[in-house]
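K.L.:
Would you mind keeping the following structure in view while I ask a few things?
The values are calculated or read from the model by the stated rules, or taken from the named source; none is laboratory data. What you are looking at is a predicted structure, and each value in this text was computed from that prediction instead of being measured. Here Cβ is always computed from backbone atoms with ideal geometry, including for glycine, and neighbour counts include all displayed protein chains. Please note that ligands, DNA and RNA were not included when accessible areas were found on the heavy atoms of the full protein model with its side chains. Shrake-Rupley method; radii C 1.70, N 1.55, O 1.52, S 1.80 Å.
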Amino acid sequence: MRMQSASSVSKAQNSVSAMSNSQYTNYTPSPMAKKSDELFNDIENELYQVWIGSRENISAAVLAFKRPFVMGTTGFVPANNILIVGGESRGKKSLVLDMAKTMKAHKIIKHEQVSMLDMSKYQTKDDESIFMTDIYQALYTPSDILIVENITFAAFNYIQVISELMKNGKLDLKNR
């Protein structure tokens, strides 16, 4: 579950919303589809115990992460692409990290570790070598989730690479 796709579930400033991959309609039903409601309800309740005053955000995040387990997935296409928006210090990254930890504990994903890529480090064409090294490392770290931060600060060519990854589920990494 590197990047993940879902329909919009946005709410206010620190909402969770998702970009639909509606062009991929040949879904293979997930064997977890029947169990997913119960599993993700448990995850949501566990997060409610840790997160105070964020019920709507937790519910939206859980729904976004749950979607591929209900709908199934296709080949190399990422199971989900989730866009999480909100102001600084709203706990967005922490919520994803807690989701990963809880999903691993429930044996929904294989890896608790979350890969991270801070796009603010790649603002010019001269940063390409560093970007390619960092994205390679993020994609080949044992992880089921990739967080791409600060995408608005990145140069356009790097945003195109992230877009390709989200659309196709793979990248042509030169010399790798």
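K.L.:
Going by a ≥ b ≥ c, the root eigenvalues of the Cα gyration tensor, does the stretch 100-159 fall in the rounded group (a/c under 1.5), the prolate group (a/b larger than b/c) or the oblate group?
P.N.:
prolate
K.L.:
Which cross-chain or sequence-distant (5 or more) residues have an amide H under 5 Å from the amide H of Asn81, H modelled 1.01 Å from N in plane?
P.N.:
Amide H neighbours of Asn81, under 5 Å, 5+ apart: Gln4, Ser5, Ala6, Met19.
K.L.:
Taking every eigenvalue of the Cα gyration tensor of the stretch 45-125, multiplying by 5 and rooting it, what semi-axes result, largest first, whole Å?
P.N.:
After scaling each eigenvalue by five and taking roots: 22, 20, 13 Å.
K.L.:
Say each of Lys35 and Arg55 gets a label point 7 Å from the Cα, pointing the same way as Cα to Cβ; how far apart are those two points in nm?
P.N.:
2.9 nm
K.L.:
Along the Cα→Cβ direction, 7 angstrom out, place labels at Tyr136 and Asn150. What is the inter-label distance in nm?
P.N.:
The modelled label-to-label distance comes out at 2.3 nm.
K.L.:
Same structure, new question: Given a cut-off of 25 Å, name the pairs among Lys66/Lys107; Lys93/Lys167; Lys125/Lys167; Lys35/Lys170 whose C-alpha atoms lie farther apart than that in the structure shown.
P.N.:
From Lys66/Lys107; Lys93/Lys167; Lys125/Lys167; Lys35/Lys170, over 25 Å: Lys35/Lys170.
K.L.:
Largest first, what is the accessible-area ranking of Val70, Val148 with a 1.4 Å probe?
P.N.:
Val70, Val148
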